[in-house]
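Trainee: Before I ask anything, let me first share the structure, which is written out below as structure tokens.
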Amino acid sequence: MARSEQQGLQVLSALDAAKTQWYHFTAIVVAGMGFFTDAYDLFCISLVTKLLGRIYYTDLSKPDPGTLPPGVAAAVNGVAFCGTLAGQLFFGWLGDKMGRKSVYGMTLILMVICSIGSGLSFAHTPKSVMATLCFFRFWLGFGIGGDYPLSATIMSEYANKKTRGAFIAAVFAMQGFGILAGGIVTLIISSAFRAGFHEPAYQDDRVAYTGTEADFVWRIILMLGALPALLTYYWRMKMPETARYTALVAKNAKLAAADMSKVLQVELEDETEKMDEMVSRGANDFGLFSPQFARRHGLHLVGTATTWFLLDIAFYSQNLFQKDIFTSINWIPKARTMSALDEVFRISRAQTLIALCGTVPGYWFTVFLIDVVGRFAIQLMGFFMMTVFMLGLAVPYHHWTTPGNQIGFVVMYAFTFFFANFGPNATTFVVPAEIFPARLRSTCHGISAAAGKAGAMIGAFGFLYAAQDPHKPDAGYRPGIGVRNSLFVLAGVNLLGFMFTFLVPEANGKSLEEMSGEAQDNEDQARAAAVQPSTA
């Protein structure tokens, strides 16, 4: 049998060998804008939670403005992650059953509706406003969850094997711009309202310090998350189904060749006969819960899920509670000395600075180097450096909290973000889209991502309570272990991530079929079919 036939379908070989073209960049932008929206929606809530506490839970008889009660704060911060976890599992499975493209539009529509709904959380009591907000943020998270496995799988199946890692990482890097955009949008809106409405600090005038206009601020910020998703919808619907899904899962080689001929602008032959032969041989038809999958990919799935789980404990606790850390080191003044809009402005300014200096550059270092040094080395280095910088914050913590040393703390803190993103935050997203079979790729990526969101929930809920001062906790909270000890715990989590990385294979420079074993299976089956007549 000819070697070309043994290697599989021409359309897949053409995709692997294709030069970087305009359609690659179009796919990055279209898939990446979903991630831009995801990050904006998930992280902008941390910019306005203190404002929500001031507006709905202030007791004017007390010397400090209100904060969200522990249960409400946990729900507002964490409910989107619950939805995201469910969405990753559901849409990951659905993407393998119905196809990547047909499911891709559903997630965006859900995100648009729920972003607007989050901002329109009108009710008569604080409890009902928060309940409505949590309802919409759960379903917003559900839509966001679907974007993870679908965007990663679509990009991996469109890319060539030489630059595949960079393309998938570039999609994920849009998350950094989403976080940055959240900070910038909040800065602009809070600045505009501060200029238009001069509010006194809480300690100067407790009645007038939070005007009714502050209620518009958080609503506008949340609703603007619908805009990039809405703008992307048309282009997502124009993308053809990936050739790997059409050929390897839907078993329609003719349509795969026709779609990719337009995309690659080359003539590809109709390989229906070869496809029929591969189907008749029954190559690669084992399921997710089969012994064969467990033997081939079981440890890989454990590795991708565990490392993502451990990474997100550290990453999301850092992101969601930056404002608390900045307050604890006195980089943001005491709440009573500011108006509500002043506090939003200062929190968003601090978060924007961290995103600009640490978060965004880290993502793009990964994009430029992932196909040079490989996924494994970047992930290993990232976990190691995150451990080092967490310890660098925790060991001399009292030094960092003394006046004059806060800038040093912020620089060290920015470095932990840099190495999260030039490290496991990017690679845990990339690798699950490369190493599993086509018919299970979206499902396995969804499982790995859902494990990550389980870690994010631990980070969101756990850090909220753990970081409480053991002597002077916030109102309504029990004493915790403090920020310093919480940083020690996060350093330990990162060290575990370093060790579990050794379960994850290196996919650099290999085709998706090589990594999943599909190419070898087809070749073995072809050999067996060729030998069988002579032994009859």
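Trainee: Could you tell me whether any residue of the range 388-397 is free of Cβ contacts under 8 Å to residues at least 40 places away in the same chain, aliphatic (A, V, I, L, M) and closer than 30 Å to I435 by Cα?
Mentor: yes
Trainee: Go through the range 245-264 and report how many residues are buried (at least 20 other Cβ atoms within 10 Å of the Cβ) and at pLDDT 80 or above.
Mentor: Going through the range 245-264 one residue at a time, the tally reaches 3.
Trainee: Pull out all pairs, ordered by first then second residue, where Cβ-Cβ is under 6 Å, the residues are six or more apart or on different chains, the first lies in the range 71-91 and is within 14 Å of Y316 (Cβ to Cβ) and among the polar types (S, T, N, Q), and the second is at pLDDT below 90 and open to solvent by less than 40 Å² (accessible area, probe 1.4 Å).
Mentor: Sorted first by the residue in the range 71-91, then by its partner, the pairs are N77/L320; N77/A460.
Trainee: Which residues, counting only those in the range 90-123, are farther than 23 Å from A451 by Cα and in contact with a Ser or Thr (Cβ under 7 Å, 6 or more places away or on another chain)?
Mentor: S121, A123
Trainee: Which residues, taken from the range 467-487, are buried (at least 19 other Cβ atoms within 10 Å of the Cβ) and hydrophobic (A, V, I, L, M, F, W, C)?
Mentor: Once the filter is applied, which keeps residues that are buried (at least 19 other Cβ atoms within 10 Å of the Cβ) and hydrophobic (A, V, I, L, M, F, W, C), the range 467-487 yields A467, V483, L487.
Trainee: Sticking with this one: Can you tell me how many residues within the range 63-88 are surrounded by fewer than 19 Cβ atoms within 10 Å (Cβ to Cβ) and over 22 Å from T49 (Cβ atoms)?
Mentor: Qualifying residue count, the range 63-88: 1.
Trainee: Please state which of the following conditions F309 fails to meet, knowing it meets all the rest: (1) over 16 Å from F463 (Cβ atoms); (2) modelled with pLDDT of 85 or more.
Mentor: (1)
Trainee: Moving on. So which residues in the range 90-115 are buried (at least 19 other Cβ atoms within 10 Å of the Cβ) and farther than 16 Å from Y245 by Cβ?
Mentor: T107, L108, L110, M111, V112, C114, S115
Trainee: Here is a follow-up. Report those helices (runs of 4 or more DSSP H) wholly inside the range 1-72 carrying at least 1 residues which are within 24 Å of N508 (Cβ to Cβ) and modelled with pLDDT of 80 or more.
Mentor: Ranges flagged: 22-57.
Trainee: List, please: which pairs have Cβ atoms under 7 Å, are six or more places apart or on different chains, and start with a residue in the range 110-135 that is touching a residue at least 60 places away in the same chain (Cβ under 8 Å) and over 15 Å from L52 (Cβ atoms) and end with one that is surrounded by 22 or more Cβ atoms within 10 Å (Cβ to Cβ) and polar (S, T, N, Q)?
Mentor: Taking only residues 6 or more apart or on different chains, the pairs are M111/T37.
Trainee: Can you name the residue in the range 157-207 that is polar (S, T, N, Q) and closer than 30 Å to L15 by Cβ and, of all such residues, is most open to solvent (accessible area, probe 1.4 Å)?
Mentor: T163
Trainee: Tell me, which helices (runs of 4 or more DSSP H) wholly within the range 356-436 include 2 or more residues that are open to solvent by 10 Å² or more (accessible area, probe 1.4 Å)?
Mentor: Here the list reads 360-373, 375-394, 397-401, 406-421.
Trainee: Next question, about the same structure. I'm checking my understanding of the structure. Among residues of the range 328-349 that are of a type in the set (G, A, S) and buried (at least 20 other Cβ atoms within 10 Å of the Cβ), which one is modelled with the highest pLDDT?
Mentor: S348
The values are calculated or read from the model by the stated rules, or taken from the named source; none is laboratory data. In this text, all values refer to a predicted model and were calculated from it rather than measured experimentally. Using ideal geometry, Cβ is built from the backbone for each residue, glycine included, and neighbour counts are taken over all protein chains shown. Just the protein is used for accessible areas: all its heavy atoms, side chains included, with ligands, DNA and RNA removed. Shrake-Rupley method; radii C 1.70, N 1.55, O 1.52, S 1.80 Å.
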